[in-house]
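The values are calculated or read from the model by the stated rules, or taken from the named source; none is laboratory data. These numbers come from a predicted model, not from an experiment. Backbone-built Cβ (ideal geometry, glycine too); neighbour counts: all protein chains shown. Just so you know, the surface numbers come from the protein's heavy atoms only, side chains and all, with ligands and any DNA or RNA stripped out. Shrake-Rupley method; radii C 1.70, N 1.55, O 1.52, S 1.80 Å.
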Amino acid sequence: MNLSISWQQSTGIARWVASIAIPAAAGLIGVLIGGWLTSRREQKQRKLAFLEKQLSFFYSPMLGLRNEIRARGAFRVQVQTEADDAWKQLCGETEGLSIDARQRFSSERWPEFSRIIEYDNTKLHEELLPAYRKMVALFRDGYWLAEPETRIYYAGLLQFVEIWDRWVDKALPREVLKRLGHNEDSLTPFYAHIERMHDAIRQKLKDGAP
């Protein structure tokens with residue numbers, strides 16, 4: 001019995017094996033590539049979803065509070081400046097009057113101008129300080145949404161609001177307040193950072209490129 005296999009038979013077997021193996025390998029490669037592409041797509045979607053959360057629940061609300069504080073502060077300064085100029089002008093117009101007339105004028109008109117100060121003090125307690133406290137609460141609750149370079153500003157914001165609260169509660173002498181250098185300018189780097197991050201994340205979402 002001849003057990004040897006001819007060259008033609010060997011070639012036929014090789015072709016048969018190839019006809020099975022090549023499509024199988026191609027199918028496996030296709031599955032691997034498809035799985036990789038699906039994984040990449042899902043990873044991109046997760047990153048975009050997180051960016052959307054960052055923008056919606058942290059950076060955008062924080063920037064909104066900042067813009068509200070800035071707008072109210074700018075208008076308050078404008079009103080105070082105009083009121084000061086108007087009062088000086090009114091006082092200048094009474095220079096030719098007698099002392100009694102000038103005193104009578106002052107007692108009649110000054111209460112209107114002093115109410116500007118009272119109004120601003122009320123706004124400080126009812127709107128401005130609560131807005132700052134909202135920023136702290138937003139930072140605390142949304143800390144997980146903040147980028148590492150954003151988190152470094154938390155302590156400074158918290159300290160700024162704490163100083164305000166102590167001052168309002170008369171638990172901070174004026175001399176200590178002055179030594180602490182309490183000024184909203186200290187928050188300028190934080191505000192600028194929040195705006196940059198907001199715009200950068202918004203652009204990534206717009207481009208669909210996390």
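The figures follow:
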| quantity | calculated |
| --- | --- |
| Failed item, numbered, when residue 120 is tested on (1) open to solvent by 100 Å² or more (accessible area, probe 1.4 Å); (2) closer than 15 Å to residue 77 by Cα | (1) |
| Criterion: open to solvent by 50 Å² or more (accessible area, probe 1.4 Å), in contact with a Phe, Trp or Tyr (Cβ under 7 Å, 6 or more places away or on another chain) and touching a residue at least 40 places away in the same chain (Cβ under 8 Å) - qualifying residue of 132, 153 | 153 |
| Unmet criterion (only one of (1) part of a loop (DSSP other than H, G, I, E, B); (2) more than 30 Å from residue 67 (Cβ to Cβ); (3) open to solvent by less than 100 Å² (accessible area, probe 1.4 Å)) for residue 95 | (3) |
| Total residues in the stretch 37-92, condition among the basic types (Lys, Arg), open to solvent by less than 50 Å² (accessible area, probe 1.4 Å) and at pLDDT below 95 | 0 |
| Some residue of the stretch 36-48 being of a type in the set (Phe, Trp, Tyr) and touching a residue at least 60 places away in the same chain (Cβ under 8 Å) | no |
| Contacts under 6 angstrom Cβ, first residue in the stretch 169-191 being assigned to a helix (DSSP H, G or I), partner open to solvent by less than 80 Å² (accessible area, probe 1.4 Å) and among the hydroxyl-bearing types (Ser, Thr, Tyr), 6 or more apart | 190/153 |
